[in-house]
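Asks: For reference, the structure I am asking about is given below.
The values are calculated or read from the model by the stated rules, or taken from the named source; none is laboratory data. Note that this is a predicted model, so its numbers are computed, not measured. Please note: Cβ atoms are built from the backbone with ideal geometry, for glycine as well, and neighbour counts cover all protein chains shown. In case anyone asks, the SASA skips ligands and DNA or RNA and just uses the protein heavy atoms, side chains included. Shrake-Rupley method; radii C 1.70, N 1.55, O 1.52, S 1.80 Å.
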Amino acid sequence: MKISQRNMAMILLGVIAMSTSGVYSLTQNVQTTQTNSGAQESPVILGHITAVVKDQYGDIKAYRQTDNMVVSNGLNATTNLLFGSGLQTTTAPPGIFKYVGVGTGTTVAAYTQTDLATQRGSHVLGTVTAINANLGTGMGAKIVGNWAAGKLANASSTTTTINEAGLFDGFNSTNMYARQIIVPGISLGTADTLAVTWQITFAHS
């Protein structure tokens, strides 16, 4: 049987139309989907700081509280301790962050900071207790640093105003984990004591 050129052209057009329809139908039925695991999380590190000044009779003279800032050096140290990743810190390897320092500097806290602006006295070894939360909503540690009378304000400086606090892994020039300014600053006399409490909590947002 002979097929004319006109009929051949019509047959080819039909084949092309069927092929195109098949491809379109196929692409319409292919969809990109994202599996929902049902358990997605965004863990965060939360911090809070309180500062309390008492006079020689144990009465509270001043009380301050504020959220703290975990600096980049602290995050790097955390990652190194957990995973041995070797990120840069002020000193290596990082130690245990249980030392508290205070100062008179008023520079606003920033992630890039690695020390107090103007340290006053020495870091003190804090008392560490665990923070336990029900159902895994948050857990961490509370670190309390205490300065006895005469340690911050003394014979050479009978009064001093504490404007900043930081959490460290040792005495003097060591890794800083967090810092925050205290507003307004706290004035201490020679008979006054100071207690600074850091609370660091790991939580699911």
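Asks: Would you be able to say whether some residue in the range 197-204 is touching an Asp or Glu at 6+ places or on another chain (Cβ under 9 Å) and over 21 Å from I60 (Cβ atoms)?
Replies: Yes, that holds for at least one residue.
Asks: Any residue at all in the range 129-136 that's among the small types (G, A, S), in a loop (DSSP other than H, G, I, E, B) and under 21 Å from A62 (Cβ atoms)?
Replies: Within the range 129-136 (the criterion being among the small types (G, A, S), in a loop (DSSP other than H, G, I, E, B) and under 21 Å from A62 (Cβ atoms)), the answer is no, since none of the residues qualifies.
Asks: A further question follows. Can you tell me which of A92, A77, A109, A117 is more than 12 Å from L167 (Cα to Cα), of a type outside the set (S, T, N, Q) and in contact with a Pro (Cβ under 6 Å, 6 or more places away or on another chain)? If you could, list the steps in order and put the result at the bottom.
Replies: Values: A92 fails: in contact with a Pro (Cβ under 6 Å, 6 or more places away or on another chain); A109 fails: in contact with a Pro (Cβ under 6 Å, 6 or more places away or on another chain); A117 fails: in contact with a Pro (Cβ under 6 Å, 6 or more places away or on another chain).
After ruling out the rest, the residue left standing is A77.
Asks: Just to be sure before I move on: is T127 at pLDDT 95 or above and closer than 23 Å to F171 by Cβ in the structure I sent?
Replies: In short, yes.
Asks: Out of the residues in the range 105-124 that are hydrophobic (A, V, I, L, M, F, W, C) and under 18 Å from the mean Cα position of the chain (by Cα), state the one that is surrounded by the fewest Cβ atoms within 10 Å (Cβ to Cβ).
Replies: Among residues in the range 105-124 that are hydrophobic (A, V, I, L, M, F, W, C) and under 18 Å from the mean Cα position of the chain (by Cα), the one surrounded by the fewest Cβ atoms within 10 Å (Cβ to Cβ) is A110.
Asks: Consider the range 26-66. How many of its residues are surrounded by 10 or more Cβ atoms within 10 Å (Cβ to Cβ) and at pLDDT below 55?
Replies: Residues meeting the conditions: 0.
Asks: Just to be sure before I move on: is G103 in contact (Cβ under 8 Å) with a residue 12 or more places away in the chain and small (G, A, S) in the structure I sent?
Replies: yes
Asks: Can you find a residue in the range 96-104 that is open to solvent by 30 Å² or more (accessible area, probe 1.4 Å), at pLDDT 95 or above and not in a loop (DSSP other than H, G, I, E, B)?
Replies: Looking through the range 96-104, at least one residue is open to solvent by 30 Å² or more (accessible area, probe 1.4 Å), at pLDDT 95 or above and not in a loop (DSSP other than H, G, I, E, B).
Asks: Restrict the check to the range 140-158 and report whether at least one residue is out of contact with any strand residue (DSSP E or B) (no Cβ under 7 Å at 6 or more places or on another chain), open to solvent by 30 Å² or more (accessible area, probe 1.4 Å) and modelled with pLDDT of 95 or more.
Replies: Within the range 140-158, not a single residue is out of contact with any strand residue (DSSP E or B) (no Cβ under 7 Å at 6 or more places or on another chain), open to solvent by 30 Å² or more (accessible area, probe 1.4 Å) and modelled with pLDDT of 95 or more.
Asks: Here's another thing I want to ask about it. Restricting to the range 184-205, give me the number of residues that are within 23 Å of the chain's Cα centre (by Cα) and at pLDDT below 95.
Replies: So the count comes out to 8.
Asks: Residue check, T127 against (1) open to solvent by 30 Å² or more (accessible area, probe 1.4 Å); (2) in contact (Cβ under 8 Å) with a residue 40 or more places away in the chain; (3) not acidic (D, E), all met but one. Which one?
Replies: T127 satisfies all of (1) open to solvent by 30 Å² or more (accessible area, probe 1.4 Å); (2) in contact (Cβ under 8 Å) with a residue 40 or more places away in the chain; (3) not acidic (D, E) except (2).
Asks: Do you know which of the residues in the range 67-88 that are touching a residue at least 12 places away in the same chain (Cβ under 8 Å) and either in a loop (DSSP other than H, G, I, E, B) or among the aliphatic types (A, V, I, L, M) (or both) is most open to solvent (accessible area, probe 1.4 Å)?
Replies: Only one residue fits best here, namely Q88.
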